[in-house]
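The values are calculated or read from the model by the stated rules, or taken from the named source; none is laboratory data. Only a predicted model underlies this, so the values are computations on that prediction, with no experimental measurement involved. Don't worry about glycine lacking a Cβ; one is built from the backbone with ideal geometry, like all the others, and counts go over all protein chains shown.
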Amino acid sequence: MTDGSVLGLITTRYAYLVVVFVATVGLYMMIANQNLVKKLIGLNMFQTGIFLFFITSAYVVDGSSAIVPADGAGGPFASPLPQVIVLTAIVVGVSLTAVGLALIIRLYAEYGTLRADALREVIADE
Amino acid sequence: MITPIELMLFVFVLISAVATALFRDVLASIVVFAAYSLGLAVVYTFYRAPDVGLTEAAIGAGITTVLLLLTIAKTSRPAHEKIFEPINWPAVAVCGGFALIVSSTLFAFPSVGDPNTAAMTNPDVTVYYLENAYEETGVENTVTAVLAAYRGFDTFGEAVVVFAAGVASMIVLGREVFA
């Protein structure tokens, strides 16, 4: 059932709209907030939007999680493939966050500010 | 159709996402972001991905929050009189354009939870792993089977990334671990 109207979009593909909204809020945080920590939170939020996209595409209405007993009984099951990619991506994402925060701590130690606009001025004055 | 549980969870996630963006105080922003991650973990669990839900709760709501708190403990948390950030309208316009362009592709998507999509019914993709995972790997949880067996090297690469991130953080912070 793929209804092409806007109403069909809202009633049948609502989770994808949430994905777009969350990614947009993350993008807004990266652009509008001058605090570097909040920019990094925005990056994380954009990332979680993508994760939600994958998990939604794996979901089957009235399905069960992808734990299949030896005799193959039960089902339908959610698709395990997008879920595994998201598991990997969450761990890679936290690694990137850790490196980013380490860089922020180092920047603060060097320049004494966390604001992107203030940093730009300090670096331009050097 | 959207179920009441989904509706409640999505409303919670959306409100906490907007609150994270608008709170001026970084600490408040971090705390609301932790709540947002937890809400998402529940969404993942509802969408039949308990493994991802657990990982998100432990790493997204747990470790990420601790790292962010450590960062503001080591740097500064500027005091503010106003509770919310002023809204940056040019940025809103750019983000609105982004959202419109991405949303315009959503009309081509299958509806949420549609069991008849190509990815779900193609015998070489999801169906293959669901049918053969136990026989080939001896694990009932297909997610574990794919993570550790079919994509074992991918998971090894992930461990390398975590190691590299640890080394990079140490170098950036100038700690002499082995000195």
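Go through (1) over 26 Å from B:Gly152 (Cβ atoms); (2) without any contact (Cβ under 8 Å) to a residue 12 or more places away in the chain; (3) touching a helix residue (DSSP H, G or I) at 6+ places or on another chain (Cβ under 6 Å); (4) not small (Gly, Ala, Ser) for A:Leu87 and report which single condition fails.
It fails just one condition, (1).
Restricting to the range A:75-126, and then to whatever is more than 7 Å from chain B (Cβ to nearest Cβ) and closer than 24 Å to B:Ala119 by Cβ, can you tell me which residue is surrounded by the fewest Cβ atoms within 10 Å (Cβ to Cβ)?
Among them, the one singled out is A:Gly75.
For the list (1) facing another protein chain (nearest Cβ under 9 Å); (2) among the hydroxyl-bearing types (Ser, Thr, Tyr); (3) in contact (Cβ under 8 Å) with a residue 24 or more places away in the chain, I need the number of the one condition that B:Thr126 fails.
Status for B:Thr126: all satisfied but (3).
In the range B:49-90, how many are out of contact with any Leu (no Cβ under 7 Å at 6 or more places or on another chain) and farther than 19 Å from A:Gly100 by Cβ?
So the answer is 16.
Quick one: B:Tyr36 ticks every box in (1) more than 7 Å from every other protein chain (Cβ to nearest Cβ); (2) farther than 30 Å from A:Gly8 by Cα; (3) surrounded by 13 or more Cβ atoms within 10 Å (Cβ to Cβ) except a single one, so which number is it?
(2)
Just to confirm my filter: which helices (runs of 4 or more DSSP H) fall fully inside the range B:1-100 and include at least 3 residues that are touching a Lys or Arg at 6+ places or on another chain (Cβ under 9 Å)?
Filter on the range B:1-100 gives B:26-46.
Which number in (1) among the β-branched types (Val, Ile, Thr); (2) more than 7 Å from every other protein chain (Cβ to nearest Cβ); (3) under 27 Å from B:Val139 (Cα atoms) marks the one condition that A:Ile50 misses?
(3)
Within the range A:61-74, which residues are at the interface with another protein chain (Cβ under 7 Å from one of its Cβ atoms) and surrounded by fewer than 22 Cβ atoms within 10 Å (Cβ to Cβ)?
Answer for the range A:61-74, where residues must be at the interface with another protein chain (Cβ under 7 Å from one of its Cβ atoms) and surrounded by fewer than 22 Cβ atoms within 10 Å (Cβ to Cβ): A:Val61, A:Gly63, A:Ser64, A:Ser65, A:Ile67, A:Pro69, A:Ala70, A:Gly72.
Any idea which of (1) among the aliphatic types (A, V, I, L, M); (2) under 30 Å from B:Ala149 (Cα atoms); (3) modelled with pLDDT of 95 or more is the one A:Ala70 doesn't satisfy?
Every listed condition holds for A:Ala70 apart from (3).
Taking the range B:12-33 on its own, how many of its residues are more than 8 Å from every other protein chain (Cβ to nearest Cβ) and closer than 19 Å to A:Phe53 by Cβ?
Total meeting the criteria: 2.
Kindly list, by first and then second residue, each pair from a residue in the range B:20-35 that is on the phi > 0 side of the Ramachandran plot to a residue that is of a type in the set (Gly, Ala, Ser), limited to pairs with Cβ atoms under 7 Å and residues at least 6 apart or on different chains.
none
Report yes if some residue within the range B:140-162 is without any contact (Cβ under 8 Å) to a residue 12 or more places away in the chain, under 26 Å from A:Ala70 (Cα atoms), buried (at least 18 other Cβ atoms within 10 Å of the Cβ) and of a type in the set (Phe, Trp, Tyr); otherwise report no.
The answer is no; no qualifying residue exists.
It is to be established whether one or more residues within the range B:121-133 are within 26 Å of B:Thr3 (Cβ to Cβ) and loosely packed, with under 15 Cβ neighbours inside 10 Å.
Checked against the condition, which is being within 26 Å of B:Thr3 (Cβ to Cβ) and loosely packed, with under 15 Cβ neighbours inside 10 Å, the range B:121-133 yields at least one hit.
Please verify whether B:Val42 is closer than 26 Å to A:Ser64 by Cβ, under 21 Å from the mean Cα position of the chain (by Cα), touching a residue at least 24 places away in the same chain (Cβ under 8 Å) and more than 10 Å from every other protein chain (Cβ to nearest Cβ), treating the condition exactly as stated.
yes
Run B:Asp51 past the list (1) acidic (Asp, Glu); (2) more than 7 Å from chain A (Cβ to nearest Cβ); (3) touching a residue at least 12 places away in the same chain (Cβ under 8 Å) and report the number of the one that doesn't hold.
(2)
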